[in-house]
Amino acid sequence: MASLKDATQLTEGIESLVNDLRSELEDGDVDFEKLVSLSDQISERADGLAETFNSVNEALMQRIDEVKSGGSSRSGSKAKQKAGSRS
């Protein structure tokens, strides 16, 4: 599963690419192919960041739903094992 540490690494990569893009724009000699490449890389990493946040959110929401419904799959299976051994 993706983690917030993954998100931090993706963010750092995006920052680096944005700095490269800014430098390319400010230098005066505009290389549009390089601008397109950098923009594409930023977009791909931003999509990866969104996917990471979505994965973390889904995992948290699933865990919240499990707790609200009375337990996790782990505690549910333990309870079933205990109940089965009592019979």
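FYI, it's all coordinate maths here, none of it is from the lab. Just so you know, these numbers come straight off a predicted model, no measurement behind them. With ideal geometry, Cβ positions are generated from the backbone for all residues, glycine too; neighbour counts draw on all protein chains shown.
Here are a few things to note about the model shown:
- Unit Cα scatterers, Debye sum, region 1-68: log10 I(q)/I(0) for q = 0.17, 0.20, 0.28 Å⁻¹: -0.66, -0.78, -1.10
- Here the Karplus relation 6.51 cos²θ - 1.76 cosθ + 1.60, evaluated at θ = phi - 60°, turns the backbone of region 12-27 into coupling constants of 4, x, 5, 4, 4, 5, 5, 4, 4, 5, 4, 4, 4, 6, 7, 5 Hz, with x for every Gly and Pro.
- Backbone HN-Hα couplings from phi across region 42-52 [Karplus 6.51/-1.76/1.60, Hz, Gly and Pro as x]: 4, 4, 5, 5, 5, 4, x, 5, 4, 5, 4
- Sorted peptide list for 51-63, 8-20, 24-36, criterion being average Cβ within 10 angstrom, highest first: 8-20, 51-63, 24-36
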